[in-house]
């Protein structure tokens, strides 16, 4: 059973979301909060498997809350579910530590799919947002994509796992390597792909994984 903690300052929406998710076998709501302080305390107390958070909370910057939850437990998956424009906030949410972003206006089935994708250790973006990011990245990331051919097999493996939202420690465990070795691979990836930092590496990796054909051996 996966335990989910909800953070939203609209009681009616939380009630509807609770009902939606608890209808799905294997999901239960372990706690709720409507502000930053209650959210941080509740997440610490309940130790959920997933946090679902709205970016627009009264008196609170939702992105800051995402960053604080992520800092407290980097392995805890966070899914942003918000009315805030996905085109403006999805990347910012990922940079803050979220593993996915879905609009409240999406079909309820998409919301449940997003929850399951993020619980599965992957990154969730709507098809429309993925298309926008790929189009926007296409003009500025040609060098990076062409540099893919120069990556070693192990570097490609690490890049794929980063794109799936895996942490450095998780990648190290999966590949039976040390955390320091994975950090070295991350540094090599940034250098070879011409990326300036961890946020750019994460974004590039997510986009690259999204573009892999289903029959690719790396998918």
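Quick notes
- Taking the C-alpha atoms only, the angle from helix 198-211 to the longest principal axis of the chain is near 90 degrees.
- The long axis of helix 36-46 is offset from the longest Cα principal axis of the chain by roughly 80 degrees.
- Shown is the FRET efficiency for residue 23 and residue 105, computed with R0 = 30 Å from the Cβ-Cβ distance and rounded to the nearest 0.05: 0.90.
- Only Cα sites of the range 73-115 enter the Debye sum here, all with the same form factor; the resulting log10 I(q)/I(0) across q = 0.25 1/Å is -0.85, listed in q order.
- Remark: spin-label model distance residue 113-residue 13 equals 2.1 nm, labels positioned 7 Å along the Cα→Cβ axis.
- Angle between the chain longest axis and helix 62-72 axis [Cα atoms, degrees, rounded to 10]: 70 degrees
- With kT/(6 pi eta Rh) evaluated at 10 °C and eta = 1.306 mPa s, and Rh the Kirkwood radius from Cα pairs, the chain diffuses with a coefficient of 88 µm²/s according to Stokes-Einstein.
- Sorted from greatest to least, the principal axis extents spanned by the alpha carbons of the range 2-126 come out as 33, 31, 28 Å.
- The protection proxy used here, the mean number of other Cβ atoms lying within 10 Å of each residue, ranks peptides 95-104, 36-45, 175-184 as follows, highest first: 95-104, 36-45, 175-184.
- Spherically averaged projected area in nm², based on the convex hull that wraps the Cα atoms of the range 141-211: 4.1 nm²
- Straightening the chain between residue 196 and residue 131 buys 21.1 nm, computed as 0.36 nm per residue apart minus the Cα-Cα spacing.
Rule-based calculations on the coordinates, nothing more; no lab input. Everything quoted here is computed from the prediction, not taken from an experiment. Cβ coordinates were reconstructed from backbone atoms using ideal geometry, including for glycine residues, and neighbour counts include every protein chain displayed.
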